[in-house]
Each structure stands twice: as C-alpha cells, then as structure tokens.
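The values are calculated or read from the model by the stated rules, or taken from the named source; none is laboratory data. Remember, predicted model here, so these are calculated numbers, not experimental data. Counting neighbours? That spans all protein chains shown, and the Cβs are built from the backbone with ideal geometry, glycine included.
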Amino acid sequence: MTAQPLTDRGRRTQMALVDAARKVFEAKGFDGTRMGDIAEAAGVSHGTVYTWFDTKEAVLAAVADSTIAELYEGMRTPSGATALDRIARANRSYLDTYRDHARLLEVVEQASMTHPEFRTLLADLRATHVKRVSGTIGRLQSDGLATASLDQDIAAAALCAMVEGFARHWFGRGEIYDETQAVDTLTALWAAALSLQEEK
C-alpha cells in the first residue's frame, strides 16, 4: 500500500523516496533491494520509508508508475510525411524510450516472477503497444498501402514482439548495434512484412 501525501512537504518526501528507490532497484535488482537500502539512498530513517510504503513491492509499483507515462508516450505513432517515415520515427521513439527504462523494466520483469501485479503491468504495456500498432496497420490497409489479407492484430503482435525483443537484447543483454542501422533495418522489416506501398 502507498500512502497519499496531503502536503507539499509530504509529496516532496515521497518523490525523493521514489527517485532514490529507482537508483537502488536498478543497481541491486528487485531481489537484492531492501527497504533499508532505499532509506539509506534517500538519506532518511527506516521509519520514514514505512510511513509512505508498507512493502518493497509498493515502492517498486510507485517507481514504475512514475515512468509509465513516458513508456506509453514512446509507443505513440509520430507524424511524418509518409507511412514509412512514420514507422521509422515510431521505431526510433520506442527504442529511445526503452533505452531510458531498460534496467527498470528488467527489474519489473524480475518482480513479476513472484508478484502478479507486475505481470499485469507488463501485460498492459504490451497490450497498449499492440493495440496502437494494430490501429496503424488497419489504417494502412484501409488506405491501400498494406496487404489487406493480413490479420492486423496478429501482424501487430508479431511486429511488436520483434521490436520489443530486439530492444530487450540490445539494451539489456549487451548486444551492440549502430542506432541508425538498427532503426533502418527494423523499419525495412516492417515495410516488407506489410508489403508497404509508397504513397501517391
């Protein structure tokens, strides 16, 4: 459970705890983090941490909530002159956002092994990504720019899995790629999968 601050001072204290906790979780992982580690990193007493959060899971949930808007923003389809340009910008935006939060996502995945609320959080992120991409594919099909026979939901799920998996291995498991080449290649694979047509 997370207590709701009623004063500006309380909000500042809680935010400082969340900021400190993110650094600790990223350094030590979910299993390796203790409430005392968070208190030490924030420069407060153990009691102060428990005033605002009753468990380590509640702290991690608050940390995840503090970045969730950025993760969703990274899934939006940007504007662009052509469909191919929009896909390229979307891939770059997703990769940039994933890079910023890769370690935290890894920690949340670790926590999800034993705490279903974090599995739900990750599933919701995935579902939002797939839904937005499915909508994009549907519009491309309606405009005659993508293969109409493709199931837009299955195509979206597969293409999202490609980009998500690539990002996970690139930023979380030490693989090294040139960013421009990565975006160009992912975009080319998207275009080929959808038989994307040039706009007239």
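Summary of computed values
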quantity: Failed item in (1) in a helix (DSSP H, G or I); (2) within 18 Å of G80 (Cα to Cα); (3) touching a helix residue (DSSP H, G or I) at 6+ places or on another chain (Cβ under 8 Å), with L196 passing the rest; calculated: (1)
quantity: Candidates E179, E117, E164, E198, filtered to the one that is of a type in the set (D, E), under 30 Å from G32 (Cβ atoms) and more than 14 Å from the chain's Cα centre (by Cα); calculated: E117
quantity: Pair list, Cβ < 8 Å and 6+ apart or interchain, from region 172-195 residues that are in the same structural domain as G80 (by TED's automatic domain parsing) and touching a residue at least 12 places away in the same chain (Cβ under 8 Å) to residues that are surrounded by 13 or more Cβ atoms within 10 Å (Cβ to Cβ) and acidic (D, E); calculated: G172/E106
quantity: Condition check for A123: surrounded by 15 or more Cβ atoms within 10 Å (Cβ to Cβ), assigned to a helix (DSSP H, G or I) and either without any contact (Cβ under 8 Å) to a residue 40 or more places away in the chain or at positive phi (or both); calculated: no
quantity: Some residue of region 56-69 being within 16 Å of the chain's Cα centre (by Cα) and over 21 Å from M113 (Cα atoms); calculated: yes
